[in-house]
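Remarks on the structure that follows.
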Amino acid sequence: MTALDTPPLPDDDRDTDPDLEPPPPASRRPLVIAAIAGFVLGGCVLGLLWGLSGQRAGANVDAAAACAAFSRAGHIPDTTGGVDAAQFTRMSDDAVHRVTGATELAKAAATFDGNYQPLAKSLDAVNKMVLSSRFDNRDGQAAVVQVEQLCARG
């Protein structure tokens, strides 16, 4: 065999040839940062939309709960028509608490939606009358009728 017929010997230096090395892998950092930013931005938008949509619905629910609590309080005595005021000295504690709770719920509803302001004002007048046990108060009794009408409308 001549020098031309013999195959070349393997050279260990070929692995370190800079022309034959694979390129370094591309950095994933920009993709990860973009994905995190998109997730955060999407979460903020979703949270904002959810928060804004729930305020009016929350007011509706609070107003309905106020009406339900007021109706569960039972009959509010009316001593304006000549009935002896001493006959009705006070309501039961649970009824007083229900009227007070209805007042607070109506105030919460009116805070988010001004359409519930008349309900809140009327329930506040009723609550003051109930807490004072002065059922001969004509303004308080008119407020009871107003609350009943507003709650009947829904």
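Ordering 112, 135 by the number of other Cβ atoms within 10 Å of each residue's own Cβ, fewest first, gives 112, 135. The slack between residue 132 and residue 94, meaning 0.36 nm per residue of separation minus the straight C-alpha distance, is 12.1 nm. In this structure, residue 60 and residue 124 have a Cβ-Cβ separation that, at R0 = 22 Å, corresponds to a calculated FRET efficiency of about 0.65.
Values quoted throughout were computed directly from the atomic coordinates according to the rules given, and no laboratory measurement underlies them. Predicted, not measured: the structure shown is a model, and the values here were computed from it. FYI the Cβ positions are ideal-geometry reconstructions off the backbone, even for glycines, and counts take in every protein chain you see.
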